[in-house]
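I have placed the structure first, in the form of structure tokens, so that the comments after it can refer back to it.
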Amino acid sequence: MSNDDEMTIDERRKYLRKMQKRYREAMRKERSKLLDEMQTITKLHRKSLLRLINGKLSRKKRTKQRSRTYGFEVHRALKIISESFDYLCAERLQPNLVWMAKHLAAHGELEISSHLLKQLQKVSVSTIRRILKQLGQDQPRLPRKGPEEANRFRRNVPAKRIPWNEQEPGHFEVDLVLHCGVSASGQYVHTLQMIDVATGWSERVATLGRSYLVIQDGFERILARLPFPVIEIHPDNDSAFFNAHLAKFWENAVQNLEQSRSRAYQKNDNRFVEQKNSTLVRAYLGYKRLDTIDQTNLLNHLYDKLWLFYNFFQPVMRLEEKVSVPQENGRRRIRRRYDQARTPFDRLIATSILPKEVQRQLEELRRSTNPRELRKEIYEMIYELHDLPEAIDGRTQDVSQTLFSMNNTKEGEDISVTLSNERTICVG
């Protein structure tokens, strides 16, 4: 019998309780045969079997507590690593403890030893959860706070959704988040967000307004930074994504681009980006109105920091399997299983899609980045953003000051924004 087939203590006691009655009712010779059988099955010594079978089989309560397996060194390391990950749940934290400990040690944030690394490697999720609950948090987490008739450009784009188990990087869900405050009148900042379904890689830019000029500029900013090619874009049915200007832009920017869109009234067709709209945008900015050049530019600087923090230092869990389980009431429920938590960057490397030189540069970028310092910078920029004043009625602002590139702007083109009591915009 292999070690994997050996009985546990509870299984052994359960078996002996069933044999106890037979043993006590048996004659002497039959008892000897029963002891032989029990000895073969339980692997216990004959004297131990006799003591158990003739006594009480209930297990005694522990009178002496076990010594601690994980001491102060592990507790301190978990506290620092948890803070660096912005207080992730234990399930996402556990498979990423060792590499983050080494990373923090390289930046002088943590002292490590071979013994500590071995303990971090074997500590369980439940133990991490229990330790972190005891330790508490010194700081709060980063702040988390009917369609129109399809136009001719939209009609040519198939309505579907990207499969949840897509394995190839480059299939992006796209959406706009509005920062209009309590009123949707006039022009205000929008967040253009793209989420890669396969790896969880996220890209965000801020645009002042939603004209074709600023939306196109937002996509140019993303493409200039994106380390792997775009294969498909999948927005909802927002008219900001379907017009002649953007159709021409995508035709020139990406060869053989596949375009798709969400089905009408099916918000869950864009479920990945909708989720990140909440956790990566609303959680930081809330519902405050943003409508100035200074706010737009500072928000783009903040998104540069978040790009580095979330893509390189925030492990995500990806749905691995969905199983339909029948219930006693005749209904069925979906049981979801998730894979091991890994950062989008690590998932991207696993696909082998990155050129060697690009991968080396990105690895060096992560190696040289201190996640605790980066997190502090994110906090400071959020506070600074919320302190900036809103637009003053009647004062003109030059949208060109928010653009990533002016290559597509005609000479002499008027792109100023006039903010009046109605907060209107004039482009061109």
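Rule-based calculations on the coordinates, nothing more; no lab input. For clarity, every value in this text was computed on a predicted model and none was experimentally measured. Neighbour counts run over all protein chains shown; Cβ positions are idealised from the backbone, glycine included.
Placing a pseudo-label 7 Å from each Cα along the Cα-to-Cβ vector at ASN252 and GLU384 gives an inter-label distance of 3.4 nm.
Our estimate of slack between ARG51 and GLN134, defined as 0.36 nm per intervening residue step minus the Cα-Cα distance, is 25.7 nm.
Within the same chain, lysines fewer than 8 places from LYS60 are excluded, and of the rest, those with a Cα less than 25 Å from its Cα are LYS14, LYS18, LYS21, LYS43, LYS47.
Quick check on my link table: of LYS160/LYS322; LYS79/LYS133; LYS79/LYS118; LYS102/LYS133; LYS118/LYS322, which ones sit more than 22 Å apart, alpha carbon to alpha carbon? Correct reply: LYS102/LYS133; LYS118/LYS322.
Remark: the LYS118-ALA106 segment gains 2.5 nm on full extension, using 0.36 nm per residue and subtracting the alpha carbon distance.
Just report the Cα centroid separation between the stretch 329-358 and the stretch 173-220, whole Å. Here the two parts' Cα centres lie 25 Å apart. Each Lys and Arg adds +1 at its Cβ and each Asp and Glu adds -1 at its Cβ; summed about the Cα centre, the stretch 1-133 shows a dipole of about 1520 debye. Of TRP164, TRP201, the sequence from fewest to most neighbouring Cβ atoms within 10 angstrom is TRP164, TRP201. Computing log10 I(q)/I(0) by the Debye sum over Cα atoms at q = 0.08, 0.09, 0.15 Å⁻¹ directly from the structure and comparing it against [x] -0.51, -0.64, -1.37; [y] -0.62, -0.73, -1.45; [z] -0.80, -0.89, -1.26 singles out [y]. Measuring between their Cα centroids, the stretch 122-140 and the stretch 277-312 lie 29 Å from each other.
Take the alpha carbon atoms of the stretch 48-112, find their center, do the same for the stretch 24-47, and report the distance between the two centers in whole angstrom. After rounding, the separation between the Cα centres reads 40 Å.
Within the straight-line cut-off of under 28 Å between alpha carbons, the lysines reachable from LYS288 are LYS145, LYS267, LYS276, LYS305, LYS376, sequence neighbours fewer than 8 places apart in one chain being disregarded. Counting only Cβ charges, +1 for Lys and Arg and -1 for Asp and Glu, the dipole size of the chain around its Cα centre is about 5260 debye. With a simple spin-label model that places each label point 7 Å from the Cα along the Cα-to-Cβ direction, the separation between SER183 and MET27 comes to 10.2 nm. Taking Cα centre as origin and charging only the Cβ of basic (Lys, Arg, +1) and acidic (Asp, Glu, -1) residues, the dipole magnitude of the stretch 3-53 rounds to 480 debye. Residues ARG62, ARG375, ARG225, ranked from the fewest to the most other C-beta atoms within 10 Å, line up as ARG62, ARG225, ARG375. Sorting MET7, MET38 from the fewest to the most surrounding beta carbons within 10 angstrom yields MET7, MET38.
Using just its DSSP H runs of length 4 or more, each adding -39500 (n - 2.57), the chain gives a mean residue ellipticity at 222 nm of -12500 deg cm²/dmol after division by all residues. Out of the stretch 312-360, which trypsin sites (Lys or Arg not before Pro) are coil in DSSP terms and have no more than 16 other C-beta atoms within 10 Å? Filter output for the stretch 312-360: ARG331.
Ranking GLY186, PHE312, LEU226 by Cα position along the charge dipole of the chain, where only Lys, Arg, Asp and Glu carry charges on their C-beta atoms, puts PHE312 farthest toward the positive end. State the antiparallel share, in %, of DSSP beta bridges confined to the chain, rounding to the nearest 5. Counting DSSP beta bridges with both partners in the chain, the antiparallel share is about 80 percent.
Scalar couplings 3J(HN,Hα) for the stretch 197-211, obtained by applying the Karplus form with A = 6.51, B = -1.76, C = 1.60 to θ = phi - 60°, are 5, 6, 10, x, 4, 10, 10, 9, 9, 9, 10, 8, x, 9, 5 Hz; x denotes Gly and Pro. Sparse packing (at most 13 other Cβ atoms within 10 Å of the Cβ) combined with a DSSP loop state is found for the following chymotrypsin sites (Phe, Trp or Tyr not before Pro) in the stretch 250-322: TYR265, TYR287.
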